[in-house]
Amino acid sequence: MARVGTLGQEAREAVAGMSEEVKRLSVESGVGPKEIADSLFDTISAGASASEAIGILNESLRLSVAGVADLKSTVSGMATVANAFQITTAEGF
């Protein structure tokens, strides 16, 4: 989570709340908190705002579980598609 805090003021201010969400998602999904936190970093790095990142991460997590894929690959794939079609977070990234 320390890396997430390096992604700007909004992320730095939201780290405490996002840490709780990462723990919750880990318990619900069975995916380790480090993998989720790393994917949160990747999600924000891909252009999502800190306020939208948990929702995007939650959907990525669902896709990765349903598709039997790792979370990092799912986040990367979603970011690639969003960038290719110029989809913003407000439009559904």
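The values are calculated or read from the model by the stated rules, or taken from the named source; none is laboratory data. None of the values given here were measured: they were computed from a predicted structure. Surface areas here come from the heavy atoms of the whole protein model, side chains and all, with no ligands, DNA or RNA. Shrake-Rupley method; radii C 1.70, N 1.55, O 1.52, S 1.80 Å.
If I stretch the segment between Ser19 and Ser73 completely, what's the gain in nm (0.36 nm per residue apart, minus their alpha carbon distance), one decimal?
On the way: separation 54, 0.36 × 54 = 19.44 nm, distance 2.13 nm.
That pair, Ser19 and Ser73, stretches by 17.3 nm at full extension.
Ligands, DNA and RNA aside, Glu52 has an accessible area near 60 Å² when probed at 1.4 Å. Between Gln86 and Lys34, the contour length at 0.36 nm per residue exceeds the alpha carbon distance by 15.8 nm.
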